[in-house]
Amino acid sequence: MENISVRAGTNFNDLQEVEIMDLNEPSGWVIIPIKDINDRPIRTFMIQIAVISNHQNGRDTHMRQIKIHSPAQDILRSSLYFPEKFVTNEFKYFSVIR
């Protein structure tokens, strides 16, 4: 039985635990959805994945090829900066003030 903790935050000093997962002899890809209280994806700058305990009596645990995926579309940001009337490239160029 392995316990894995996923922590997220803006830097190393303010990491908060967002997910704890118990795995029984994992093999292959393990999917861990990371969401907030409202079931929305979290926004973070740093993610830490820690193995709290393992089932191999102290032998090393190896994690290989970790992939982190984000939502395919950010609805709030796209509707905020690009309203429906700004659909051409010329309008999109002038739709944001720098």
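Here is a check on your reading of the model: is Arg98 modelled with pLDDT under 70, more than 24 Å from Glu17 (Cα to Cα), out of contact with any helix residue (DSSP H, G or I) (no Cβ under 6 Å at 6 or more places or on another chain) and loosely packed, with under 10 Cβ neighbours inside 10 Å?
When the stated conditions are applied, Arg98 passes them.
Scan region 1-28 residue by residue and report those that are surrounded by 10 or more Cβ atoms within 10 Å (Cβ to Cβ) and touching a residue at least 40 places away in the same chain (Cβ under 8 Å).
Glu2, Asn3, Ile4, Ser5, Val6, Arg7, Ala8
How many residues does region 10-26 hold that are in a strand (DSSP E or B) and either on the phi > 0 side of the Ramachandran plot or among the charged types (D, E, K, R) (or both)?
Of the residues in region 10-26, 3 are in a strand (DSSP E or B) and either on the phi > 0 side of the Ramachandran plot or among the charged types (D, E, K, R) (or both).
How about region 27-59: which of its residues are farther than 19 Å from His69 by Cβ and in a loop (DSSP other than H, G, I, E, B)?
Result: Ser27, Ile37, Asn38, Asn54, His55, Gln56, Asn57, Gly58, Arg59.
Take the residues in region 44-62 that are closer than 22 Å to Asn11 by Cα, surrounded by 10 or more Cβ atoms within 10 Å (Cβ to Cβ) and not β-branched (Val, Ile, Thr); name whichever of them is modelled with the lowest pLDDT.
Ala50
Considering only region 29-38, state which residues are at pLDDT below 85 and exposed (fewer than 10 other Cβ atoms within 10 Å of the Cβ).
Ile37
Val87 is checked against (1) in a loop (DSSP other than H, G, I, E, B); (2) modelled with pLDDT of 75 or more and fails just one. What number does that condition carry?
It is condition (2) that Val87 fails.
The values are calculated or read from the model by the stated rules, or taken from the named source; none is laboratory data. Here the structure is a predicted model, which means the values were calculated and not measured. No Cβ is skipped: glycine too gets one built from the backbone with ideal geometry, and neighbour counts run over all protein chains shown.
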